[in-house]
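A quick write-up on the structure given underneath.
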Ligand SMILES: Cc1cc2nc3c(=O)[nH]c(=O)nc-3n(C[C@H](O)[C@H](O)[C@H](O)COP(=O)(O)OP(=O)(O)OC[C@H]3O[C@@H](n4cnc5c(N)ncnc54)[C@H](O)[C@@H]3O)c2cc1C
């Protein structure tokens, strides 16, 4: 996703853009080897949708035409928090729900329709080519081992968690970036079902959030194209969902609320559950390196990848692409006659600043798990959790608070929106019993 969106922005700045993809791509919206996480449920946050539609106007219509499900959030979604059900009278926003392969396929189709963009598939990037000042291109290899050199004015690495950028930088003599890992020991398992015919529920999707420390498991049931539900079960701290039929169903029954287990009881599974464990919060500190090559940038999961339960990955990748666009526009103002000097290092610094917020959203709670690594939460962080618990409790009975909360969750508003007077007042009014106990587990 990061690479496709970046290519769209690059097409505004360069006459020719080549996307190199290791996989042979399916014609339709099918899962593929290079994106194993594509088999897991993906929830696209509102801010991410906004960003993609700005790059590809009308893309939401493409997704809907391909079968995506329109949801009002929270009107159509049962969001069961530890304090209860988020008030569904909140205005919230419209969301589109589709499988990750469909989201990707519709974006790719739009990208490939642009003149000047070429997609090269079945070729893996194996190394960078560089001169004294920076990167001048790369080397690709096909399945038979045949290598090809590609020249480039700018190389963008968007190859995900498995990116070799840190090793390439080391090999080129730029040093080795620092890696920060916070591992909540979370695992996912996703299974697809046919939505039961004649379903009369007054909701379209359900989210049962974990209740640490008493319960570290959660489940999201979302409708996707093809009249299907995707159910993602997740468990942290080593309490992982099994993939066998009986184990998966039993895990769903252990969720803090029976809604999801009851919903799937009569639903026909369309295949086995698929597990995924690569969920560690992982951030490369490229922006702190002493030296950085000209004409080489890294973005998306290759820089900063998150515990996926907050659904921030695609949206954060899209925000990174917006940052790249801003940097390229700034460069043109600075050097109207052309030239990319300083752009790459400047971009990595700005990207790091933009990633601070989603990183803290994703890692704050994870540091509560003793085995996660990273700094344990201090007094200020514990006060912050206490406040957020109160806001969540208020969101169960005050639609105005629920509205702000949902917009912050969708990354449409910054968390400072939670400091608005009516939110503070409602949070202060929640009773002690509304609030859950949240101590390090
Ligand atoms: C279990 C799970 C659930 C998730 N749920 C959500 C969610 O609900 N919402 C959300 O927004 N995000 C979610 N994410 C995160 C989201 O998938 C990513 O953040 C997002 O896809 C951005 O990743 P990317 O494009 O940087 O990398 P990837 O999606 O990993 O894509 C990398 C691409 O590069 C290709 N590639 C890799 N190496 C090479 C090479 N050497 N040469 C050529 N090509 C190469 C790969 O084949 C692939 O196509 C989830 C992630 C996981 C693991």
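Please report, ordered by residue number, the strands (runs of 3 or more DSSP E) entirely within the stretch 1-103 with at least 1 residues that are over 19 Å from residue 220 (Cα atoms).
Details: elements: 17-21, 69-73, 77-81, 93-97.
Once the strands (runs of 3 or more DSSP E) in the stretch 1-103 are filtered for at least 1 residues that are over 19 Å from residue 220 (Cα atoms), what remains is 17-21.
Okay, residues lined up against (1) within 29 Å of residue 20 (Cβ to Cβ); (2) assigned to a loop (DSSP other than H, G, I, E, B):
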| site | (1), (2) |
| --- | --- |
| 173 | yes, yes |
| 184 | no, yes |
| 196 | no, yes |
| 206 | no, no |
| 226 | no, yes |
| 231 | no, no |
| 237 | no, yes |
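Could you tell me which of the residues 118, 176 is without any contact (Cβ under 8 Å) to a residue 24 or more places away in the chain and surrounded by fewer than 21 Cβ atoms within 10 Å (Cβ to Cβ)?
Numbers: 118 fails: without any contact (Cβ under 8 Å) to a residue 24 or more places away in the chain.
Within the list 118, 176, the selection yields 176.
Select from the stretch 61-105 the residues that are closer than 29 Å to residue 214 by Cα and without any contact (Cβ under 8 Å) to a residue 12 or more places away in the chain and list them in ascending order.
Hits for the stretch 61-105: nothing passes.
Which condition number does residue 14 fail, the rest of (1) touching a strand residue (DSSP E or B) at 6+ places or on another chain (Cβ under 8 Å); (2) over 20 Å from residue 316 (Cβ atoms); (3) in contact (Cβ under 8 Å) with a residue 24 or more places away in the chain being met?
(1)
I need the full set of residues from the stretch 144-161 which are within 15 Å of the ligand (Cβ to nearest atom) and not in a strand (DSSP E or B), in order please.
We begin by selecting, within the stretch 144-161, every residue within 15 Å of the ligand (Cβ to nearest atom); these are 145-150, 152, 155-161.
Hits for the stretch 144-161 are 145, 146, 152, 158, 159, 160, 161.
For every residue, the table says whether it meets (1) assigned by TED's automatic domain parsing to the domain that holds residue 251; (2) touching a helix residue (DSSP H, G or I) at 6+ places or on another chain (Cβ under 6 Å); (3) closer than 30 Å to residue 233 by Cα; (4) modelled with pLDDT under 95.
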position	(1), (2), (3), (4)
267	yes, no, yes, no
272	yes, no, yes, no
285	no, no, no, no
293	no, no, no, no
300	no, yes, yes, no
306	no, yes, yes, no
310	no, yes, yes, yes
314	no, yes, yes, no
318	no, yes, yes, no
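Out of curiosity, is residue 417 out of contact with any helix residue (DSSP H, G or I) (no Cβ under 7 Å at 6 or more places or on another chain) and either surrounded by fewer than 17 Cβ atoms within 10 Å (Cβ to Cβ) or at pLDDT 85 or above (or both)? Break it down stepwise before answering.
Working: out of contact with any helix residue (DSSP H, G or I) (no Cβ under 7 Å at 6 or more places or on another chain): no; either surrounded by fewer than 17 Cβ atoms within 10 Å (Cβ to Cβ) or at pLDDT 85 or above (or both): yes.
No; evaluated as a whole, the condition is false for this residue.
Could you check, for the stretch 191-207, whether at least one of its residues is in the same structural domain as residue 227 (by TED's automatic domain parsing), touching a helix residue (DSSP H, G or I) at 6+ places or on another chain (Cβ under 8 Å) and within 14 Å of the ligand (Cβ to nearest atom)? Spell out the reasoning first.
First, the residues of the stretch 191-207 that are in the same structural domain as residue 227 (by TED's automatic domain parsing): 191-207.
Going one step further and asking which of them are touching a helix residue (DSSP H, G or I) at 6+ places or on another chain (Cβ under 8 Å), we end up with 191, 193, 201, 206.
If we keep only those that are within 14 Å of the ligand (Cβ to nearest atom) as well, we get 191.
Checked the stretch 191-207: at least one residue is in the same structural domain as residue 227 (by TED's automatic domain parsing), touching a helix residue (DSSP H, G or I) at 6+ places or on another chain (Cβ under 8 Å) and within 14 Å of the ligand (Cβ to nearest atom).
Taking the stated definitions as given, is residue 128 part of a strand (DSSP E or B) and in contact with a helix residue (DSSP H, G or I) (Cβ under 6 Å, 6 or more places away or on another chain)? Full working, then the answer.
Details: part of a strand (DSSP E or B): yes; in contact with a helix residue (DSSP H, G or I) (Cβ under 6 Å, 6 or more places away or on another chain): yes.
So residue 128 passes the test.
Among 22, 49, 32, 8, which is surrounded by 15 or more Cβ atoms within 10 Å (Cβ to Cβ) and not assigned by TED's automatic domain parsing to the domain that holds residue 109? It would help to see each step written out before you state the result.
On the way: 22 fails: not assigned by TED's automatic domain parsing to the domain that holds residue 109; 32 fails: not assigned by TED's automatic domain parsing to the domain that holds residue 109; 8 fails: not assigned by TED's automatic domain parsing to the domain that holds residue 109.
The match here is 49.
Scan (1) surrounded by 15 or more Cβ atoms within 10 Å (Cβ to Cβ); (2) farther than 30 Å from residue 123 by Cβ; (3) more than 11 Å from the ligand (Cβ to nearest atom) for the single condition residue 70 breaks and write down its number.
Only one criterion is unmet by residue 70, namely (1).
Among the residues of the stretch 338-353, is any away from the ligand (no atom under 12 Å from the Cβ), surrounded by fewer than 24 Cβ atoms within 10 Å (Cβ to Cβ), at pLDDT below 95 and more than 19 Å from residue 2 (Cα to Cα)?
Yes, there is a match, as at least one residue in the stretch 338-353 is away from the ligand (no atom under 12 Å from the Cβ), surrounded by fewer than 24 Cβ atoms within 10 Å (Cβ to Cβ), at pLDDT below 95 and more than 19 Å from residue 2 (Cα to Cα).
Being more than 29 Å from residue 129 (Cβ to Cβ) and out of contact with any strand residue (DSSP E or B) (no Cβ under 9 Å at 6 or more places or on another chain) is true for just one of 323, 315. Which residue is that?
Details: 323 fails: more than 29 Å from residue 129 (Cβ to Cβ).
Residue meeting the stated conditions: 315.
Any residue at all in the stretch 422-434 that's in a loop (DSSP other than H, G, I, E, B) and at pLDDT 90 or above? I'd like the intermediate steps shown before the answer.
Of all residues in the stretch 422-434, those in a loop (DSSP other than H, G, I, E, B) come to 430-431.
Then keep just the ones that are at pLDDT 90 or above; that gives none.
No - not one qualifying residue is present in the stretch 422-434.
Restricting to the stretch 19-53, name every residue that is without any contact (Cβ under 8 Å) to a residue 24 or more places away in the chain and more than 10 Å from the ligand (Cβ to nearest atom).
27, 53, listed by residue number.
When both residues are 6+ apart or on different chains and their Cβ atoms are under 8 Å apart, which pairs have a first residue that lies in the stretch 298-319 and is closer than 19 Å to residue 346 by Cβ and assigned to a strand (DSSP E or B), and a second that is near the ligand (Cβ under 6 Å from one of its atoms) and at pLDDT 95 or above?
Within 8 Å, the pairs are 298/158.
Go over the candidates 141, 164, 127, 123 one by one and state the one that is within 15 Å of the ligand (Cβ to nearest atom), touching a residue at least 60 places away in the same chain (Cβ under 8 Å) and surrounded by 12 or more Cβ atoms within 10 Å (Cβ to Cβ).
On the way: 141 fails: touching a residue at least 60 places away in the same chain (Cβ under 8 Å); 164 fails: touching a residue at least 60 places away in the same chain (Cβ under 8 Å); 127 fails: touching a residue at least 60 places away in the same chain (Cβ under 8 Å).
Exactly one residue qualifies, and that residue is 123.
The values are calculated or read from the model by the stated rules, or taken from the named source; none is laboratory data. The shown structure was predicted, so the numbers you read here are calculated from the model rather than taken from an experiment. Backbone-built Cβ (ideal geometry, glycine too); neighbour counts: all protein chains shown.
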